[in-house]
Amino acid sequence: MRIDVLGVGFDNVTMAEAVAEGQRLLNTEGVHYVATPNPEIIELCREDPEALSVVNGAALVLPDGIGVIKGAAMLGTPLKEKTPGIEFAERLVGKLAEEGKSLYLLGAKPGVAEEAGTRLAARYPGLRIAGTHDGYFKEDAPVVEGIRRSGADCVFVCLGAPKQELWMAKNGEATGARLLCGLGGSLDVFAGRVERAPEFWSRHGLEWFYRLCKEPRRLGRMMKLPLFLVHVRTERRRRK
Ligand code: UDP
């Protein structure tokens, strides 16, 4: 059963369990997709029923950061641990490499996905990069066709939320891949264009603060976090 945080249902899994589930889905008939919402995306889903429906429609919904973990705990339904999309992705890449499976990278500015692919392939011997495409295209059809022809087993879809979730729900099946993962800005990190917070910050639940200092333009978006906490408090009172 999923744990409800303001309408978004989260799978209550550890990182190891999340990766094992991703691996199982990769080897299961049909198409499946993974979503990794943070408080900002939960707030967005509260205002957009279509976004909510595609996020909840994912086969695996993982709490991307400390905000969701705090929210779930405040509601009296704690989640086991945070499972950041970027970490999930990195571990899944390790499994893909072990199994000799192929990965397609979709999203980010021109050149970024390609660079991410080169770096990942160097770090994970055995990994097959099926192909790459930037995230600034007008028509879905040629991109979907490119993925289908590449024969990719897994696709990282990094178009930002909720664009990537809508894209996966609409086009996932036609890509022919087994597993698609919506991973926001992960390709920028894999390509070495954006730095992840050092462990000290993430261990103390302050990765968001580090990111804010590095990219002050995120402030507007991050103002959703206090709003999220207000909504969680209201929901807690309502549940009592
Ligand atoms: N992006 C894209 N196509 C678009 C809009 C965004 O490929 O039409 C990419 C953008 O270049 C960035 C990622 O999507 O690489 C979103 O990053 P952001 O930091 O907003 O995502 P987060 O990690 O916060 O979810």
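Here, each number is a calculation from the coordinates, and none is a lab measurement. Remember, it's a predicted structure, so these values are computed and weren't measured experimentally. Cβ placement follows ideal geometry from the backbone for every residue including glycine, while neighbour counts extend to all protein chains displayed.
Remark: relative contact order (the chain) = 23 percent; criterion is Cα-Cα distance under 8 angstrom and separation of 6 or more residues.
Quick one: in region 49-131, what % of C-alpha pairs are over 23 Å apart? Cα-Cα pairs of region 49-131 separated by over 23 Å account for 41 percent.
Only Lys, Arg, Asp and Glu carry charge here, each on its Cβ (+1 for the first two, -1 for the last two); on that basis the chain has a dipole of about 780 debye about its Cα centre. Diagonalising the gyration tensor over the Cα atoms of the chain and scaling each eigenvalue by 5 before taking the square root yields semi-axes of 28, 19, 17 Å, largest first.
Across region 127-195, the volume of the C-alpha convex hull divided among the residues equals 86 Å³ per residue. Per-residue ellipticity at 222 nm, computed for the chain from helices alone with -39500 (n - 2.57) per DSSP H run of at least four residues, works out to -15500 deg cm²/dmol. Here region 159-232 and region 20-81 have alpha carbon centers that stand 12 Å from each other. Extension gain for Leu227 to Glu139 (0.36 nm times residue separation, less C-alpha to C-alpha distance): 28.2 nm. Extension gain, Met1 to Trp201, is 68.9 nm, computed as 0.36 nm per intervening residue step minus the present C-alpha separation.
Legend: ranking of residues Glu199, Glu81, Glu115 from fewest to most surrounding C-beta atoms inside 10 Å; resulting order Glu199, Glu81, Glu115. Across all C-alpha atoms in region 37-91, the radius of gyration and Dmax reach 11.5, 32 Å.
P(r) for region 191-240, from all Cα pairs and a bin width of 10 Å, is 23, 36, 27, 12, 2 %, short bins first. Of the DSSP H helices in the chain, those that are both long (alpha-carbon extent of 20 Å or more along the helix axis) and hydrophobic (Kyte-Doolittle mean at least -1.0) are 85-99, 224-239. Counting only the Cα atoms, region 112-240 fills a convex hull of 167 Å³ per residue. Between Lys240 and Glu173, the C-beta separation translates, for a Förster distance of 45 Å, into a calculated FRET efficiency of about 0.60.
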